[in-house]
Number of protein chains: 2
Amino acid sequence: MGAIEVMRALNDGGVKTRHPLEAVIWTNEEGNHFGIGTLGSGVAAGSLGTEILQTKDEQGLSLADWLRRYGQNPSQLTDARIPHGALAAYLELHIEQGPNLYETKVPIGVVQGIVGIKRWNCVVTGFANHAGTTPMNRRKDALAAASKDVLAVRDVVRAEEGSQVGNVGYVKVAPGAINVIPGRAEFPVELRDLDAAKVDRMWEHIQQRFAEVDKAENVETRCNLLDHSEPAHADANLQTAIREAAKSLGLATTDLPSLAGQDAQEIARIAPMAMIFVPSKDGISHSPKEFTSWQDVSNGTEVLYRSILLLDGQLDRK
Amino acid sequence: MGAIEVMRALNDGGVKTRHPLEAVIWTNEEGNHFGIGTLGSGVAAGSLGTEILQTKDEQGLSLADWLRRYGQNPSQLTDARIPHGALAAYLELHIEQGPNLYETKVPIGVVQGIVGIKRWNCVVTGFANHAGTTPMNRRKDALAAASKDVLAVRDVVRAEEGSQVGNVGYVKVAPGAINVIPGRAEFPVELRDLDAAKVDRMWEHIQQRFAEVDKAENVETRCNLLDHSEPAHADANLQTAIREAAKSLGLATTDLPSLAGQDAQEIARIAPMAMIFVPSKDGISHSPKEFTSWQDVSNGTEVLYRSILLLDGQLDRK
């Protein structure tokens, strides 16, 4: 919406940029049928290919089926690719989806980059047995071990300075009966940071902690990597332009990472990228309670407008 | 099987007891359709009434339907009740279902009683949020809290001397996604001991620990009692007879509680009760790996035979 308003303002004011400008509306992340948040940008940046045409939604319809329904030709999917170097700059205005700007009352966030995400699935194998007749000191309780593991993940993530995050979203226990000692527990681990080396270092520590838990609890824990996205760093020149644009409007800025995935992280593969964040009330996102004030929307749009003009003067079209 | 062998041996030897003797085969615990382990003994002791006739199995057939299928008359269910005081003594020979006798190589266990069981269901309410954008120090992670709770249950159960046990058989997390901070976690707590006051005391401590976790984790935990069976104590005279019988055979004994539920715990409502335990290999029960050697079966049967004769001499029929 900010991008369209900028285009409108440029047209209304008769401002001509040296570079051609395009506004893009990427695939709706929350609503798309295929569970791929960066479907449009992934195709544009070339990280998603024709293989995704066969991805099926819950109703068993494929992406190709849906494209046909909307009068599109699935075989032209890769025509949407943007060649590397075709864009001089990519800017994206977005709500923070976190509480930092809202709580510190800073109107503009200059995004340093989009965090890398690594996800593992872990299985703890203990021994299911009668919860009445098995003495407490003879148990191989997979849930007790997994509980220590869940807390170990958080300990390790909290132990380092910085804005890195980690999550264990669930634990699934088998056999899962009130009167049976858990024999198996399965849980995912997710780690995010702008620094891929920090993510790997944290995972090393977590694995050490899991090994200690295994020894103490007489169980075995095995983890395997589920998926992995590399961090995408924002372009330094573009960040500077955003900071200058905000300053010219008297708006304070903070540098911060995007801890959520973004379309910009796909575009970073093919072009210099930067993002402008505006506050999210209480940091809530992907929720009906998501809210950003009109004043903040307006501030972000002004910063986007001025950043484009600054960059248009600085950059050469490649 | 031991009881039938005892009857056979008495008949073969022409031994006449002063008291009439009956052998009973209770409902198969593992195989019955209705999830009630003590179905037969519960009806006999009067703790289960005609209300259970309407209990349905997985196929939607009621207990009444099944009784009719086997040519029985459901309306006669309560005719199976044994009046209080009608039995001078009830003895049961059983495998331990735990590892104590097997590991200490003691052939005969004299059961002190059958533990009471209390079960609660607990729900931890935190706040589900974006696992990327929510800083680590702003989370209300229901699974992190539940993990501390799981470990607190075990700590409290282990803190007291004795053979009491406690179990948390599973944790169910909502929304339960890899990239969402757990907003809700639900888990059951089961505590067993021969001393009902100890169970209540442990639960008090557990609740204190849960309250501390709630405060530290900024979540709310509520538990409600699911079910509750009182401990059933074995009769002291009957225990003495079992000990003497074993001694006369040169068999060592150990006094120990039954940490599993038993039919004898129902019969304890209407008659003096005691149980003879024999070793279970590796303590495994309710499993295809359950195993007791013929020597141990034979020892237990001899002890049952001699206990009956001892008691027959001592007890007056009521």
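Sorted from shortest to longest, the distances between the A:Ser75 label points of this copy and the other copies are 7.8 nm, with each point 7 Å from Cα along the line through the beta carbon. For segment A:240-318 versus segment A:189-209, the spacing of their alpha-carbon centroids is 28 Å. Among the chymotrypsin sites (Phe, Trp or Tyr not before Pro) within segment A:1-94, those in coil by DSSP and having at most 12 neighbouring Cβ atoms inside 10 Å are A:Tyr70.
When Rg and the Kirkwood radius Rh are both evaluated on Cα atoms of segment B:105-162, their ratio Rg/Rh stands at 1.26.
Against the longest principal axis of chain B, how steep is helix B:196-217, in degrees 0 to 90 to the nearest 10, with axes from Cα atoms? In chain B, helix B:196-217 runs at an angle near 10 degrees to the longest axis. For A:Val24, the solvent-accessible surface computed with a 1.4 Å probe is close to 80 Å², ligands and nucleic acids excluded. Relative to the Cα centre, the charge distribution of chain B, modelled as +1 at Lys and Arg Cβ and -1 at Asp and Glu Cβ, gives a dipole magnitude of about 400 debye. Looking at A:Ser285, A:Ala144, A:Val189, which one has the Cα that reaches farthest to the positive end of the dipole of chain A (charges on Cβ: Lys, Arg +1; Asp, Glu -1)? The Cα lying farthest towards the positive end belongs to A:Ala144. Take each residue in B:278-290, count the other chain C-beta atoms within 10 Å of its C-beta, and the mean is 2.
Rolling a 1.4 Å probe over the protein heavy atoms of segment A:117-228, with every protein chain left in place, gives an accessible area that is 46 percent carbon and sulfur.
So how strong a dipole does segment B:117-228 carry about its Cα centre when Lys and Arg Cβ are +1 and Asp and Glu Cβ are -1, to the nearest 20 debye? Numbers along the way, then the final one.
On the way: 16 positive and 16 negative charges, 80 e Å.
About 380 debye.
Translational diffusion of segment A:100-216, estimated by Stokes-Einstein from the Kirkwood radius over alpha carbon pairs at 37 °C in a medium of 0.692 mPa s, is 204 µm² per second. Of the residues B:Thr221, B:Val168, B:Val199, the one whose Cα sits farthest towards the positive end of the charge dipole of segment B:117-228 is B:Thr221 (charges of +1 on Lys and Arg Cβ, -1 on Asp and Glu Cβ, taken about the Cα centre).
Over segment A:28-82, the fraction of Cα-Cα pairs per 5 Å bin, rounded to whole percents and listed from the shortest bin up, is 4, 21, 29, 32, 12, 1, 0.
All distinct Cα pairs of chain A go into the 1/r average, and the inverse of that average, the Kirkwood radius, is 22.4 Å. For chain A, the longest principal axis of the alpha carbon atoms and the long axis of helix A:142-159 meet at an angle near 40°.
Shielding of peptide B:141-149 by partners, expressed as the average count of other chain Cβ atoms within 10 Å per residue Cβ, is 5. Accessible surface buried by the A/B pair amounts to about 4300 Å², both sides summed, 1.4 Å probe.
Spatial offset of segment A:74-111 relative to segment A:1-61 amounts to 10 Å, using the alpha carbon center of each. Here the 3J(HN,Hα) profile of segment B:57-66, calculated from phi with Karplus coefficients 6.51, -1.76 and 1.60 at θ = phi - 60°, is 8, 5, 8, x, 8, 8, 4, 4, 4, 5 Hz, Gly and Pro shown as x.
Using only atoms on other chains, find how many Cβ atoms lie within 10 Å of each Cβ of peptide B:266-276 and report the average. Mind showing how you got there, number by number?
Values: counts 0, 0, 0, 0, 0, 0, 0, 0, 0, 0, 0.
Whole-number average of other-chain Cβ neighbours for B:266-276 is 0.
Of all chain B residues, the one whose Cβ lies closest to the rotation axis that maps B onto A, given with that distance rounded to whole Å, is B:Ser147, 2. Computed over chain A with a Gaussian network model linking Cα atoms closer than 10 Å, the most mobile of A:Val219, A:Val15, A:Val157 is A:Val15.
At each listed q (0.05 Å⁻¹), what is the log10 of I(q)/I(0) that the Debye formula gives for the protein assembly as shown modelled as equal alpha-carbon point scatterers? The Debye formula, applied to the Cα set alone, gives -0.38.
Taking Cα atoms only, the orientation of helix B:294-314 departs from the longest principal axis of chain B by about 60 degrees. Calculated on the Cα set of segment B:213-293, radius of gyration then Dmax: 19.2, 62 Å. The mean accessible area for residues of chain B, using a 1.4 Å probe and ignoring ligands and nucleic acids, is 48 Å² per residue. Across the options B:Asn179, B:Gly116, B:Thr134, the greatest Cα extent toward the positive end of the charge dipole of chain B (unit charges at beta carbon of Lys, Arg, Asp, Glu) belongs to B:Thr134. Sorted shortest first, the distances from the B:Lys215 label point to those of the same residue in the other copies are 3.4 nm; each point sits 7 Å from Cα along Cα-to-Cβ. In this structure, the amide hydrogen of A:Gly113, modeled 1.01 Å from its nitrogen in the peptide plane, lies closer than 5 angstrom to those of A:Ala234, A:Ser258, counting only residues at least 5 positions away or on a different chain. Between copies, A:Gly14 shows label-point distances of 13.3 nm, shortest first, with the point placed 7 angstrom from Cα along Cα to C-beta. Only helices enter this figure: runs of n ≥ 4 DSSP H residues, each worth -39500 (n - 2.57), summed and divided by the residues of the protein assembly as shown, yield -10500 deg cm²/dmol at 222 nm to the nearest 500. Given +1 at the Cβ of Lys and Arg, -1 at the Cβ of Asp and Glu and no other charges, the dipole of segment B:146-302 around its Cα centre is 360 debye to the nearest 20.
Each other residue within a Cβ distance under 10 Å of A:Asn129 adds +1 if Lys or Arg and -1 if Asp or Glu, for a net charge of +1.
The values are calculated or read from the model by the stated rules, or taken from the named source; none is laboratory data. Because the structure is a prediction, the values reported are computed rather than measured. Heads up, the Cβs are rebuilt from the backbone with ideal geometry, glycines too, and the neighbour counts pull from every protein chain shown. When the accessible area is computed, the model is the full protein with side chains, heavy atoms only, and any ligands, DNA or RNA have been set aside. Shrake-Rupley method; radii C 1.70, N 1.55, O 1.52, S 1.80 Å.
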